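The values are calculated or read from the model by the stated rules, or taken from the named source; none is laboratory data. What you see is a predicted model, and the numbers here were worked out from it, not measured in a lab. Reconstructed Cβ throughout: ideal geometry from the backbone, glycine too, with neighbour counts over all protein chains shown. For accessibility, only protein heavy atoms count, side chains too; no ligands or nucleic acids. Shrake-Rupley method; radii C 1.70, N 1.55, O 1.52, S 1.80 Å.
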Amino acid sequence: MKESATQIAEYTQAMIEAGRLFHGHGWVPATGGNFSARLSPDRVLITASGWHKGELSPEGFLIADLDGKPLDSTRKASYETLLHMQIYRHDSSAGGVLHTHSIANTVLSRRLPEIRLAGYELLKLLPGINTHDAEVTVPVFANDQDIARLAAQVDAHMKRHPETPAYLIAGHGLYAWGVNVAQARHRVEALEFMFECELWSQKQ
Ligand SMILES: [Zn+2]
């Protein structure tokens, strides 16, 4: 399937804007974080390796297949491409995946084995939740420089717990997704807000 130039331009713009917004919040310092959007069942537009996420331009993206292989073999995809592909493979409705490295998600994921979020109005932004009167568990995985091994671990967890709304990697960051980049961004914003609240309440 050939992706249309309009679709690529639209998704590129959505990710450039998400990068600026996240950078403004301090959630993607330096070249940290990476973003992607699904173009077709087996093609994904994803940030290239080494780009600052607050300063993305259309050259900062490439198209890869679900094995993480760039269509243009001269390009280098983000180091964590396989974590994005695990989500697209696991959830056929996933259309956008965003990964952030905030202070709150880094501190909490180093401190806790999982993060329970309960009673927050913003829980309603997460999949399958329609009331604040709910509790959601965000799992924390140990960081691992072997991304294929980490992706396999995440996949095994998500098969056992299909309700997993997002996940954290300890001392590293958050992965969240949605049907498109906009929904994934809303979920990142909601989760980062709740993580900050958790961090604040732990300081009391
Ligand atoms: Zn990362």
How far, in nm, would the chain grow between His25 and Asn130 when pulled straight, counting 0.36 nm per residue and subtracting the alpha carbon separation?
-> 35.1 nm
Heavy-atom accessible area of Arg111 with all protein chains present, probe 1.4 Å, nearest 10 Å²?
-> 130 Å²
State the extension gain, in nm to one decimal, for the chain segment bounded by Glu121 and Gln145, taking 0.36 nm per residue of separation less the distance between their alpha-carbons.
-> 5.1 nm
Over segment 80-204, what relative contact order in percent results from Cα pairs under 8 Å that are six or more residues apart?
-> 37 percent
Can you check what the net charge comes to around Thr131, using other residues whose Cβ is under 12 Å from the Cβ of Thr131 (Lys, Arg +1; Asp, Glu -1)?
-> -2
If R0 is 41 Å, what FRET efficiency do you get for Ser73 and Gln202 from their C-beta distance, rounded to 0.05?
-> 0.30
Around Leu122, what is the net charge, scoring Lys/Arg as +1 and Asp/Glu as -1 over all other residues with Cβ under 14 Å from its Cβ?
-> -4
In nm, spacing of pseudo-spin labels at Glu163 and Glu55 (7 Å Cα→C-beta vector) | 4.4 nm
Counting Lys and Arg as +1 and Asp and Glu as -1, what is the net charge of the other residues whose Cβ lies under 12 Å from the Cβ of Cys197?
-> -3
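Please tell me the relative contact order of segment 1-52 in percent, rounded to the nearest whole number, where contacts are Cα pairs under 8 Å and at least six residues apart.
35 percent
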What does the helix-only formula give at 222 nm for the chain: each DSSP H stretch with n ≥ 4 adding -39500 (n - 2.57), the total divided by the residues, and the result rounded to the nearest 500 deg cm²/dmol?
-> -12500 deg cm²/dmol
